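Notes follow once the structure below has been shown.
Here, each number is a calculation from the coordinates, and none is a lab measurement. From a predicted model like this one, the values you see are computed outputs, not experimental measurements. Every residue, glycine as well, gets a Cβ built from its backbone with ideal geometry; the counts of neighbours run over all protein chains shown.
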Amino acid sequence: MAVYPVIPIIDGSTVRKLNHYDILIYQDGGHYYAKDDKDNLICVDSTTACIQDAINYLRDGGTIYIKKGTYNINNTVTVPSDISIVGDGGYGWHNIKGTTVIKSPNGYAFLISGNGITLSNITIDGEGKGNGIYISDSYGVYIDRINIINAVEGIGSYPNYYNSFVTIIHPTMWNVTRGIVLDVNRSSTSAYRSEMFTIIGGAIYGNSSSYGEVGIRTGRVDFVTIIGTLVAYMNWAYDIGWQSTGNEWVVMFAPKADTTANGLLIENGYVDVYGLDFDSISGSYVTVYYNAKSKVNIRSKKAVRILLANDSTNSSFTTMTYKELIQNPIVVRQIDNVSVIEAGPVDTFDLYLRTYTGLTGERLHLQTYAPNGTMYDRVTISNYENPARVSIKNAVLNIATNTTHATPTTGDILIDTTNSKLCVYINGAWKCTVLS
């Protein structure tokens, strides 16, 4: 057994120490070497810096440890089931490249295709042309503390059928065009979706002088959870339901965006957003397309501009500023400053305000707060029995004379200001008295 200084890595919910590997990859004198845990040499140089050779050697799976250094690869490394690849880690923002660097200017550095696969503590440098990680038809994938820099795309999920149970923890990306894309291989006739993905923390940066395309994009997905990931220097921080009719549940907890052209675009799907935390957005904070209007719940830390598509062309929008958007257009609420409750859409006008009654006392109370600090009673509905007593205070009651829009019912009151009459609708007819 080869033993090397311990490296802390996360495995599930625990932190353990890596003190055993099956293959060691290292550099010496400008050459790449791979040795097994019995010190047998299995590779000297290759187009994948001995990484693919090491994987092929482990027919039954195992752990490959890549020591610190820079490894230039010319071909994509294919990672099958039960393989763990661990680097020497990095130093986050203090040293974005870390200490184990894979340079991959041609295509993707890694193609993950299998079950039970782990990548951790590695930096991938696309050198402005390459990409990071491609996931295809995989289950149970764990990507931990991967730095991806100078890449067209950081991490892409494009299964021919489906990817499932994939966890991405603290991804750090710098100068990427697209950060994380969860979709399918749309050229595949059997493509289903990317599902059960969890993205936790990390930061995804475009380029400060020429913004990237998008931080996180979901296409055909289901059960995706995004927690506290920061996006900056992008045209869109988040694009949910991209060009897709198969997008289902996406839940976002404290999604963060800073210095982007636009914040969150929801094109389709059932989307729940809690603790939206956006700042320095030059364009739209939140845009909701027509297909998603009735399926979106948003709770923001502060009031933000929300654009809601007026029809299925998504070419015209209604602009609102709210902290909370719940199953729009059923309910829109602003907790402080302005409070609005709306019923809709246009073909359903019912609005229900419910309060639970006891035996005595006031049950539904409407008050207004005046600029001078005085709270005025306006409408009070009391009594737990039916009928209830309605009291209108500190107000002038104006009952419109135009009743053509509704069919009168017994008990309706009409003030006819033209003829100075007060009328009550009784027994199918208006009974009026002349006001002197």
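Values for this structure:
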read-out	value
Computed label-point distance, nm, for sites L41 and N314 using a 7 Å Cα→Cβ extension	5.7
Added length on full extension, which subtracts the Cα-Cα distance from 0.36 nm per residue, Y161 to D277	38.3 nm
Those aspartates and glutamates that a straight Cα-Cα span of less than 12 Å connects to K393, excepting residues fewer than 8 apart in one chain	D377
Computed FRET value (nearest 0.05) for V251 with K393, which takes r as the C-beta separation and R₀ as 25 Å	0.05
Cβ-based charge dipole, region 63-208, positive-most Cα from Y161, N74, L119	N74
Relative contact order (%) - criterion: Cα under 8 Å, at least six apart; region: region 7-200	13
HN-Hα J in Hz across region 215-226 - Karplus 6.51, -1.76, 1.60, θ = phi - 60°, x for Gly and Pro	x, 10, 10, 10, x, 8, 9, 7, 6, 10, 10, 10
Karplus (6.51, -1.76, 1.60) ³J(HN,Hα), θ = phi - 60°, over region 139-154, in Hz, Gly and Pro reported as x	9, x, 10, 10, 10, 10, 6, 9, 9, 10, 10, 6, 10, 6, 9, x
Computed over region 221-261: relative contact order in percent, which uses C-alpha pairs under 8 Å that are six or more apart	61
Dipole magnitude (debye, nearest 20) for region 7-200, charges at Cβ of Lys, Arg, Asp, Glu	380
Long-range amide H partners of I42 with built H, under 5 Å	A34, K35, D36
Hits among lysines - C-alpha to C-alpha of K129 under 24 Å, sequence gap 8 or more where chains match	K68, K97, K103
Förster radius 35 Å - calculated FRET efficiency between R186 and Q367, Cβ distance, rounded to 0.05	0.05
Two-site label geometry, N297 and N74: point separation in nm, points 7 Å out along Cα→Cβ	5.4
Dipole magnitude of region 88-194 about its Cα centre (Cβ charges: Lys, Arg +1; Asp, Glu -1), debye to nearest 20	140
For V79, residues with placed amide H under 5 Å, excluding near neighbours	L111, I112, S113
Set of lysines near K293 by C-alpha distance (under 21 Å), chain-local residues within fewer than 8 positions excluded	K301, K302, K323
Point-to-point label distance, S382-D60, nm (Cα→Cβ direction, 7 Å offset)	8.2
Residues whose placed amide H lies under 5 Å from that of D144, excluding near-sequence neighbours	L119, S120, N121, I169
